[in-house]
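Notes follow the structure.
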Amino acid sequence: MRLLLDESVPVGLRDHLPAHQVPSVMEMGWAGSQNGLLLLRAASCFDVLITTDKNIQYQQNLSRLPVSVLVLSAHSNTLPALMPLVPNLEATLLGLPPRSFAVVTAK
């Protein structure tokens, strides 16, 4: 699956998602893009945008997402805080419909 890491997600997370293609927003040259523009850009190349921006669900019309969005919900956006979410992230990706929204937490 083609995943895009938002600026808020440490790029080291991709090392724990080896079954996927996982560039970052910075690597794509899209740093600083507003969420609406970023989602449109991501839709042309990716299946899912992974972010820690919990406000994105209030800033975007979720019924019209051009690409799926996964929000990683942890106490911080550091790699150690996000690592416990990886198993649930992988499980969520398996059943994620196109252009949908989901929040991933640790169980």
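Derivation of every value follows stated rules applied to the coordinates shown; laboratory data play no part. Here the structure is a predicted model, which is why all the values come from computation and not from measurement. Note that each Cβ is placed from the backbone with ideal geometry, even for glycine, and that neighbours are counted across all protein chains shown.
Annotations
- For the chain, calculated [θ]222 nm from helices alone, where every DSSP H run of n ≥ 4 adds -39500 (n - 2.57): -6500 deg cm²/dmol
- For PHE46, PHE101, order by how many other beta-carbon atoms lie within 10 Å, fewest first: PHE101, PHE46
- Each Cα pair under 8 Å and six or more residues apart adds its sequence gap; the mean of these over the residue count of segment 3-104 is a relative contact order of 29 percent.
- Amide H contacts of GLU7: VAL25, each under 5 Å away and 5 or more positions distant or on a separate chain (H built 1.01 Å from N in the peptide plane; Pro and chain starts excluded).
- The length gained on full extension between ALA106 and SER76, counted as 0.36 nm times the residue separation minus their Cα-Cα distance, comes to 9.5 nm.
- Largest first, the three principal axis extents of the alpha carbons in the chain are 29, 27, 25 Å in whole numbers.
- Stretchable slack from VAL11 to ALA91, in nm (0.36 nm times residue separation minus alpha-carbon distance): 26.8 nm
- Per-residue ³J(HN,Hα) for segment 31-46, Karplus 6.51 cos²θ - 1.76 cosθ + 1.60, θ = phi - 60°, Hz, x for Gly and Pro: 4, x, 5, 5, 4, x, 5, 4, 5, 5, 5, 4, 4, 6, 10, 10
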